[in-house]
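In what follows, a structure is listed as structure tokens, so that the remarks can point back to it.
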Amino acid sequence: MNKDEMIKKMVSILASEFEVEEEVIVPEANIKETMHLDSLSLVDMVGLVEEEFGVEIKTADLPTIKTFADLYDYVYSRQ
Amino acid sequence: MSTADNKEFAIEELIPQRPPIKMVETFDYRGDEGCHTSIAVAADNIFVDDGALACEGILEHIAQSAASYVGYRRKMKGEEVSLGYIGDIKQCQMSYPMPQVGERVETTMAVVSEIGNITMIKAESQVEGRQVVCCTMKLAT
Amino acid sequence: MKENGRLYEIAEANGQTMRVKMLTSHPVYEGHFPGNPITPGVMSLRMIRECAGTMLGKELRYAAVKSCRFLSLIKPGETLDIEMETIADEQGLRLKAKIKDCNDGSAKMNLDATMEVMQ
């Protein structure tokens, strides 16, 4: 899957799971703030990415993934 | 992992819960995979209704199984155990009847992920080989 | 309803909302936790099941819990509002409930479950 396809799929899945409009998921937006993630739903997000894209987000790397752009780069480079 | 590598701790050293809500009787550590726990249903258990353990009692047993696991890992590192709270319960199915007084609930718990202070587990509790409760659960410690 | 009068008492019931007062002398608090009484999350699950049952005039049990989120601690002595919504769907009797703090309306617990009527 190319990067655009990956991003489209990710936006759709995240918007559905976390009940936000797809329009608010823009690359420069902060993930936690945009999707109102707390420590519990952060675990769900990591699990969802692993399940849908086969990429494990390592706990040590989490602090570096702040925006959706960070997430896209992380997942795409590890597919 | 051989049993000689596992230190044996009393349940009271692993979790802060005490009677009448101490809901883990046996704890068998299975490394990174998780653990196996059990509890016999006593007539005076606070969750017993009309001779059967209510499903909330099994969920508490599962939560304390997760807390025992986290507590065991901490003790092995020489750290203190802390209070734990259930963060969420999902994908939970109940299969009646619930266990009767005198029966033993056996639970297999696997770790799904650990991020920060949140441990996510999935668990299956059985009585005489029949599943009574399964769920995923997040514990905050 | 075993815990009605022991864990909590119903102060007001208005349609699908009940105001409950968490009682302070339930034996569970001796062990949860010693010197630091906190209502176990599973007991709030029990309380919701009993309150929904009282509302419907039946005794209910959980068939499935799709999602139950505990957002902040519930302690003995607190007064809470339990908002419940029941819908019959293909799985059975769907119960969605929220427990809120009676003072600031902040959410303490959200539940989405399927119930069965006990025979």
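Here are a few things to note about the model shown:
- Where B:LYS122 falls short, out of the listed (1) open to solvent by 70 Å² or more (accessible area, probe 1.4 Å); (2) closer than 21 Å to A:ILE57 by Cβ; (3) facing another protein chain (nearest Cβ under 9 Å): (3)
- Residues (at the interface with another protein chain (Cβ under 10 Å from one of its Cβ atoms) and more than 18 Å from B:GLY57 (Cα to Cα)) located in the stretch C:3-22: none
- Residue within the stretch C:81-98 that is under 25 Å from C:PRO34 (Cα atoms) and either modelled with pLDDT of 95 or more or open to solvent by less than 70 Å² (accessible area, probe 1.4 Å) (or both) present: no
- Exactly one residue out of B:GLY71, B:GLY102, B:GLY57 is facing chain C (nearest Cβ under 9 Å), touching a residue at least 12 places away in the same chain (Cβ under 8 Å) and not polar (S, T, N, Q), and it is B:GLY57.
- Yes/no for B:GLY102 being small (Gly, Ala, Ser), part of a loop (DSSP other than H, G, I, E, B), modelled with pLDDT of 95 or more and surrounded by fewer than 17 Cβ atoms within 10 Å (Cβ to Cβ): yes
- Test set (1) at pLDDT below 95; (2) assigned to a helix (DSSP H, G or I) - B:ALA66 fails condition number: (1)
- Answer from B:VAL70, B:VAL24, B:VAL41 - the residue that is of a type in the set (Val, Ile, Thr) and over 11 Å from the mean Cα position of the chain (by Cα): B:VAL41
- Number of residues in the stretch C:23-73 that are among the aromatic types (Phe, Trp, Tyr) and either more than 10 Å from chain B (Cβ to nearest Cβ) or farther than 25 Å from B:PRO16 by Cβ (or both): the value is 1.
- Subset of the stretch A:32-46 that is within 11 Å of chain B (Cβ to nearest Cβ) and charged (D, E, K, R) - its residue that is nearest to A:PHE18 (Cα to Cα): A:ASP44
- Restricted to the stretch C:21-63, and to residues there that are part of a loop (DSSP other than H, G, I, E, B) and of a type in the set (Val, Ile, Thr), the residue that is surrounded by the fewest Cβ atoms within 10 Å (Cβ to Cβ) is C:THR24.
- Members of the stretch B:105-119 found to be at the interface with another protein chain (Cβ under 10 Å from one of its Cβ atoms), open to solvent by less than 60 Å² (accessible area, probe 1.4 Å) and in contact (Cβ under 8 Å) with a residue 24 or more places away in the chain, listed by number: B:ILE118, B:THR119
- Positions within the stretch A:21-54 being under 20 Å from C:CYS68 (Cα atoms) and of a type in the set (A, V, I, L, M), in sequence order: A:MET35, A:LEU37, A:LEU40, A:LEU42, A:VAL43, A:MET45, A:VAL46, A:LEU48
- Filtering the stretch B:105-136 to residues that are assigned to a strand (DSSP E or B) and under 16 Å from A:LEU42 (Cβ atoms) leaves B:VAL112, B:SER113, B:GLU114, B:ILE115, B:ILE118, B:THR119, B:MET120, B:THR136.
- The single condition from (1) more than 12 Å from chain C (Cβ to nearest Cβ); (2) of a type in the set (S, T, N, Q); (3) part of a helix (DSSP H, G or I) that B:THR37 fails is (3).
- Selection count, the stretch C:56-92, where residues are under 12 Å from the mean Cα position of the chain (by Cα) and of a type in the set (A, V, I, L, M, F, W, C): 6
The values are calculated or read from the model by the stated rules, or taken from the named source; none is laboratory data. Please read all numbers here as calculations on a predicted model, not as lab measurements. When we count neighbours, we look across all protein chains shown, and the Cβ atoms used for this are built from the backbone with ideal geometry, even at glycine. Quick note on the areas: whole protein, heavy atoms, side chains included, nothing else; ligands and nucleic acids left out. Shrake-Rupley method; radii C 1.70, N 1.55, O 1.52, S 1.80 Å.
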